[in-house]
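Okay, structure first, notes after.
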Amino acid sequence: MNQNAMNRILLLISIVFLVSCSNSKKEVKSADEKESNATEQTLVDSVPVVDEGIAVLHPGGNELELGVEEGGGHLNEEIGKLFRQATSAYDQGDYQSGIQLFEQIIEKAPEDGRAYYNLGIGYFKLDKFPESIKAFNGAIDINPRDSLSIQYRGKVYYMMGDFKSCLRDYKRVVELKPEDPLAYFNRGTVKGMINDYAGAIEDFNRAIELNPEYDAAYYNRGIANFHIGKLHDACYDWRKAHILGHYEADKAIKAYCEGEKK
């Protein structure tokens, strides 16, 4: 594969589910070339999926198991009421109201790491990324081992295109959660975005070792193998991802693997 084609792929960053941002030049092409390029544009690294099943922390929940420091001790009656109102607003999709309530909680209980974390989630859902990072920083300052806040801060950095900061956070999550396949998947995805394909493959290997049914890890490992010229390995990964139900694997197989032996 030539360098120009690789560059076209790397120019694309999917936002949640493949929102294309191609900057390639317009030119007259045959129908076959257009179809090939359209398929090529789907071969992009998935956005780290830390937002699947967003964990809003509720009073009395398992926040310590999630790695978030309670910080403020037992909730007093006033803070508990505000916390319930705020999380209820989030549950209804009213993030702006929830944010205002969590800001009130932080004013009254500035050492409550859960409130900072939930505040960061609210800003994240409203695409207010600098504010989200500031809130997650507050949670991490209270508890430097708060893996959930570190993970989400990494996601925010990813969405902002700051892959260096994102990779730093995802490396820390792997250190804190060495048996979590998602941690390796996220780190591998970011490594792919900075052209460290060998490192990405190592992380996807570990994610698959921990979760043999991880379709997205197979798919992204296929992309990494594709980038380093290992088409046979890439096709194996895409076929495996397809069997496991990955929504984009079939396009990759049809574009690049129909002539490859299984």
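Since every read-out is calculated from the coordinates, none of them should be taken as a lab result. Keep in mind the model is a prediction, meaning the values are calculated, not measured. Heads up, the Cβs are rebuilt from the backbone with ideal geometry, glycines too, and the neighbour counts pull from every protein chain shown.
In sequence order, what are the phi-derived ³J(HN,Hα) couplings for segment 152-169 according to the Karplus relation 6.51 cos²θ - 1.76 cosθ + 1.60 with θ = phi - 60°, rounded to whole Hz, with x for glycine and proline?
Using θ = phi - 60°, the values come out as 5, 4, x, 4, 4, 4, 4, 4, 8, x, 8, 6, 5, 5, 4, 4, 4, 5 Hz.
Defining a contact as two alpha carbons under 8 Å apart and six or more residues distant in sequence, what relative contact order in percent does segment 101-205 show?
16 percent
How much length, in nm to one decimal, is gained on full extension between H232 and N76, taken as 0.36 nm per residue of separation minus their Cα-Cα distance?
Computed gain between H232 and N76 is 50.1 nm.
Return the subset of K177/K230; K125/K164; K164/K240; K134/K191; K81/K125 for which the Cα-Cα distance in this structure is over 28 Å, preserving the input order.
Violating the 28 Å limit, Cα to Cα: K177/K230; K164/K240.
Under a plain spin-label model, where a point goes 7 Å from the Cα along Cα-to-Cβ, how far apart in nm are Y247 and Q85?
3.7 nm
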